[in-house]
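Quick notes on the structure that follows.
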Amino acid sequence: MDEEYKKQYGVDEYIEKVIIDTLGFVPVKDSLYKGNRDTYKNMIQVPIEEVDAKYELDAGTVRKGDTDIPVFRARVPKSVVLQGLSKDLILQQNEVQSVDDINGRYINVGSMEEVNTKGNWPTQYGDE
């Protein structure tokens, strides 16, 4: 212990104690969703006005060596997100193959074929 510190503060011994105190328990749903405990039930709904669609969710495993690794995929068809636009534009977007656009018919995150949590959108979409 530093001698000057001892003199200045009158400390002659450091004591380290950890006190854990539980005042009670609160369900996670109450913490996350405050007043509306049923909010989580609607998370699968695509949040676009006048669109009645749900995200497609998949989960499974991919074998790597001797290990089964959990994987997931969440996706929504582009046609759902682009609903209300011209059919020609939607068809064009479904066929797009470009580094500057979202390729394929779906907007997705995760994969059922490989271990990753990336989405299929270009990195420029994440820039702010």
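So which trypsin sites (Lys or Arg not before Pro) in region 36-128 end up in coil per DSSP with only 12 or fewer other C-beta atoms within 10 Å? Before the final figure, lay out the partial values.
Working: sites: 37, 41, 54, 63, 64, 73, 75, 78, 87, 105, 118; in loops: 37, 105, 118.
Those that pass, being in a loop and sparsely packed, are 37, 118.
I need to check one value: relative contact order of the chain, counting alpha carbon pairs closer than 8 Å and at least 6 residues apart, in percent. Write out the running numbers ahead of the final one.
Details: 137 pairs, mean separation 20.5, N = 128.
Dividing the mean separation by the residue count of the chain yields 16 percent.
What label, among (i) 94; (ii) 117; (iii) 324, belongs to volume of the Cα convex hull per residue in Å³ computed from the structure on display?
(iii)
Do you know the Lys pair count in the chain for C-alpha distances under 30 Å, with sequence separation 8 or more or different chains?
Step by step, the pairs that qualify in the chain add up to 16.
Suppose every Lys and Arg Cβ carries +1 and every Asp and Glu Cβ carries -1, with no other charges. What dipole size does region 38-103 come out with about its Cα centre, to the nearest 20 debye?
In debye, rounded to 20, region 38-103 gives about 220.
Amide H to amide H, which residues 5 or more places from residue 62 or on other chains are under 5 Å from it, using H placed in the peptide plane?
69, 71
If you place +1 on the Cβ of every Lys and Arg, -1 on the Cβ of every Asp and Glu, and leave all else neutral, what size is the dipole of the chain about its Cα centre, to the nearest 20 Debye? Mind showing how you got there, number by number?
Numbers: 16 positive and 24 negative charges, 133 e Å.
The calculated dipole for the chain is roughly 640 debye.
Once you put a point 7 Å from the Cα of residue 50 and another 7 Å from the Cα of residue 29, both along the Cβ direction, what distance in nm separates them?
So the label points at residue 50 and residue 29 sit 3.4 nm apart.
Among 16, 49, 113, which one shows the highest mean-square fluctuation when the chain is modelled as a Gaussian network with alpha-carbon springs under 10 Å?
Evaluated over the chain, the most mobile residue of the options is 16.
Read the figures in this text as sums done on the coordinates, not as results from a lab. These figures come from a predicted structure and were not determined experimentally. Cβ: placed from backbone, ideal geometry, glycine included. Neighbour counts: every protein chain shown.
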